[in-house]
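Each value in this text was obtained by applying a stated rule to the coordinates, not by laboratory testing. All of these numbers come straight from a predicted model, not from anything done at the bench. Note: ideal-geometry Cβ built from the backbone for every residue, glycine included; neighbour counts use all protein chains shown.
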Amino acid sequence: MKKKYMFFDIDGTLTDNNPGGNVPESTKFALEKLRENGHFVAIATGRASYFAKPFFDEFGFTNMVSDGGHGLTINNELLEVAPLDFDMAKAVVDECIEKKVPFWLALGNEPIVYALKGTKVKAGAHIKEFVYVDHFDDLDVIYKVFIDGGKETEELLESIHPIGYITYPGVGIIVEPIEKFIGIKKMVEEHLNGDLADVVVWGDGKNDISMMQQASFSIAMGNAIDEVKEVASFVTKSNKEDGILYACEHFGWI
């Protein structure tokens with residue numbers, strides 16, 4: 001059996017909900033069997049490396065593409081986390097200020113966000129510290145931009161479209177890396193001496209579309225959004241119907 005390089009999204013793919021949820025027993029079994037059969041098994045997530053780490057540890061992963069393709073962990077060692085393109089991210093910040101749209105920033109690979117004084121921050125539970133500042137005139141690096149708003153804000157802000165973003169219901173808009181395949185390619189070719197033809201990616205959400213389009217083989221969960229299913233090589237059953245196990249058995253990987 002030829003070795004495959006398997007990259008799994010977390011939320012809605014490995015777990016039975018998006019975001020969060022539990023990992024089905026069938027998925028745990030499939031991951032164990034994939035490893036036993038000599039396949040490379042890794043995470044490919046939009047989560048920050050520090051946010052993904054507890055999940056990473058709990059389910060026995062040692063390799064991960066995190067931060068939407070900008071973070072690499074190999075053999076349990078975090079090698080890098082790259083920030084957003086600064087000029088494009090700064091344009092988002094400037095436009096939010098100009099149009100009086102509330103926002104806050106991640107300025108490093110850490111659970112800390114920064115906001116202008118008077119801003120009401122609505123950050124997730126993984127954020128441990130909130131810092132309020134008078135201005136953002138001296139920025140030199142930006143990792144994420146969190147924006148309070150939905151569809152109307154998406155239409156209002158022109159600068160978020162070229163850089164890319166994800167809208168999370170009940171959370172808002174997050175300008176963050178969404179090119180997971182950049183990290184996958186770097187990991188496989190530069191660190192593993194593998195062949196991209198042997199890469200298999202698994203996903204369900206908007207930030208999985210790009211890697212689905214670029215990978216040689218891609219699997220969409222049955223619960224995936226339509227845009228993911230349309231570009232996938234194969235659509236398996238949903239994450240609540242043993243979709244990962246089903247696909248692994250279907251293709252003879254386990």
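With contacts defined as alpha carbon pairs under 8 Å and 6 or more residues apart, what's the relative contact order of region 86-175 in percent? Taking the mean separation of contacting Cα pairs over the length of region 86-175, I get 32 percent. Charge dipole (Cα centre; +1 on Lys/Arg Cβ, -1 on Asp/Glu Cβ; no other charges) of region 86-175 amounts to roughly 420 debye.
Looking at the square roots a ≥ b ≥ c of the eigenvalues of the Cα gyration tensor of region 69-134, which shape do they give, rounded for a/c under 1.5, prolate if a/b is larger than b/c, or oblate? In terms of gyration-tensor shape, oblate. Here region 1-18 is scanned for amide nitrogen atoms under 17 Å from the site 7 Å beyond the Cα of residue 35 along Cα-to-Cβ, giving 4-10, 14-15. Computing Rg and the Kirkwood Rh from the Cα coordinates of region 1-140 gives a ratio, Rg/Rh, of 1.06. In the structure shown, the pairs 53/240; 120/180; 3/240; 53/99; 4/53 are assessed against 25 Å; a Cα-Cα span above that value is assigned to 120/180; 3/240; 53/99. Each of 209, 121, 64 was scored by the projection of its Cα onto the charge dipole of the chain, and the greatest displacement toward the positive side belongs to 64; charges sit on the C-beta of Lys, Arg, Asp and Glu. Placing +1 on each Lys and Arg Cβ and -1 on each Asp and Glu Cβ, with no other charges, gives the chain a dipole about its Cα centre of roughly 600 debye.
Based on the Cβ-Cβ distance of residue 78 and residue 135, what FRET efficiency does E = 1/(1 + (r/R0)^6) give at R0 = 22 Å, to the nearest 0.05? According to the calculation, E is roughly 0.10. Under the shape rule built on the C-alpha gyration tensor, where the axes satisfy a ≥ b ≥ c, region 86-175 is rounded, since a/c falls short of 1.5.
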